[in-house]
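The values are calculated or read from the model by the stated rules, or taken from the named source; none is laboratory data. As the structure is a computational prediction, the values presented were derived from the model and not from experiment. Every residue, glycine among them, receives a Cβ derived from its backbone with ideal geometry; neighbour counts consider all protein chains shown.
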Amino acid sequence: MNGDILARRAAYSDRDIVRSRRCPVSNEREIFSQREGQWGSYRSDPVEMETGAKLVLNPACEYSRKRFVYRKAEVPEILFMSKVVKPGDSVLDVGANIGYWSTALSAQVGPRGRVYAFEPSPVTLEYLRKNIAINNCGNVSVFPVGLSSEDKTGRFWLSKDHTGSSRLDDDSSKKDESIEIEVVALDSICGSFDLDRISFIKIDVEGGEVKILEGAKKLLSKISPIILLECNSSLYKESGVSLARFIAICDSLGYIPHKVPSLERLREGRLSLEEFRLAPDAECRENIILTKNPIV
């Protein structure tokens, strides 16, 4: 189940719509509209994504609603991953959510590879484990902890309607909306990984990316995986860090930021990356790729 995982097509409600003949589907917009109407009655049936994975979605979550309607997310990023991650690799999915990335990574690395998925939210963790089981992802290990710069007990804020927005947050005013969780640094648990085979790390934790890198200095001084992460300067500020601090940790580790290649470039097989020059006082809100070495 490796190779270009985007070649697999979604099939859950398209077939239902066509078979019913109640509303002929002529284009993508109509399909999305039909799915929007179906979402209100969705309960727990697995829904097939364009990656080929079937996901049980959370009816109370906006992130899940979007997956139901569009059946895809971060398409250029997923395609880039499918070009650089090889069968047998080990990879990390930090901020695994309900398993969209974890299941895609599982298929990509195959039975000889390993996926280490990190997700501290109890509700989201339940969906993640269901989806790992449904897709027979025996190569995925789940860590129900948060990651940061040090080992500690932290407060994890739970978003009521968007699991992708939940995050570590010590703001005492949110105590009624948060839970206490175990937080660790990657350097503290890297003995759990097959270090020599880690080729790729995806990090999406709503502003905690910088602290995770700071907690992985020893690990990232020994290995040079490609890192895909969300760079959101506004969320960084809310987490008590700055874009300048992000630039500094990248420099200290020898990582260079790059833009995610366009779909056109990726489909043509052009993997050369364009450097993404960040100014310390700039605003940034996009996914970026960090590499130490050129990609050819």
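Couple of notes before you dig in:
- Boolean, Glu230 is touching a Ser or Thr at 6+ places or on another chain (Cβ under 9 Å) and in the same structural domain as Ser102 (by TED's automatic domain parsing): no
- Single unsatisfied condition, Ile134 versus (1) under 30 Å from Ser90 (Cβ atoms); (2) surrounded by 17 or more Cβ atoms within 10 Å (Cβ to Cβ); (3) modelled with pLDDT of 80 or more; (4) touching a strand residue (DSSP E or B) at 6+ places or on another chain (Cβ under 8 Å): (2)
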